[in-house]
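One structure is given below, encoded as structure tokens.
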Amino acid sequence: MGYVRVRGVVANPLDRSLRVELEFIVDTSAIYAVIPKSIAEKLRLKELSKRRSKTASEEVVECPVSEVLSQKVFSIQASSSSHNVLWPSPN
């Protein structure tokens, strides 16, 4: 079984000039998208809350949750929409 990869743009919802194009691996059972902490910092995302999440290795980690504006990530259309993302610290 292979991976499905999608290219998309995420941006700070309060300052759309802070944006970056990324490649995402699609997990159809995921509740949140995950971005690297370095990207969250580059976009100057505001931490809205924290969520505990289980990693693929079964480790439970607490991650900041932020809102991003996404384009061409979660839909085929080029329209923009807002989504929550996790940005765990690197191990």
Quiz item: What ³J(HN,Hα) values, in whole Hz, does the Karplus curve 6.51 cos²θ - 1.76 cosθ + 1.60 give for the stretch 22-31 when θ = phi - 60°, with x put for Gly and Pro?
Solution: 10, 10, 10, 9, 7, 10, 5, 9, 6, 8
Practice problem: Pull up all non-local amide H partners of PHE24: gap of 5 or more, or a different chain, and H-to-H distance under 5 Å with H placed in the peptide plane. | Solution: VAL6, ARG7, GLY8
Practice problem: List the aspartates and glutamates whose Cα lies under 19 Å from the Cα of LYS42, skipping any in the same chain that are fewer than 8 positions away. | Solution: ASP15, GLU21, GLU23, GLU67
Exercise. Return the sequence-ordered ³J(HN,Hα) values of the stretch 43-51 in whole Hz as given by the Karplus equation 6.51 cos²θ - 1.76 cosθ + 1.60 applied to θ = phi - 60°, using x for Gly and Pro.
Key: 7, 6, 6, 8, 6, 8, 6, 10, 9
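Which number comes out as Rg/Rh for the stretch 5-86 once both Rg and the Kirkwood Rh are worked out on C-alpha atoms?
Values: Rg = 12.5 Å, Rh = 13.1 Å.
When Rh is taken as the Kirkwood radius, the ratio is 0.95.
None of the figures in this text is laboratory data; all of them are computed from the coordinates on show. Worth saying up front: this structure is predicted, and the values here are computed from it rather than measured.
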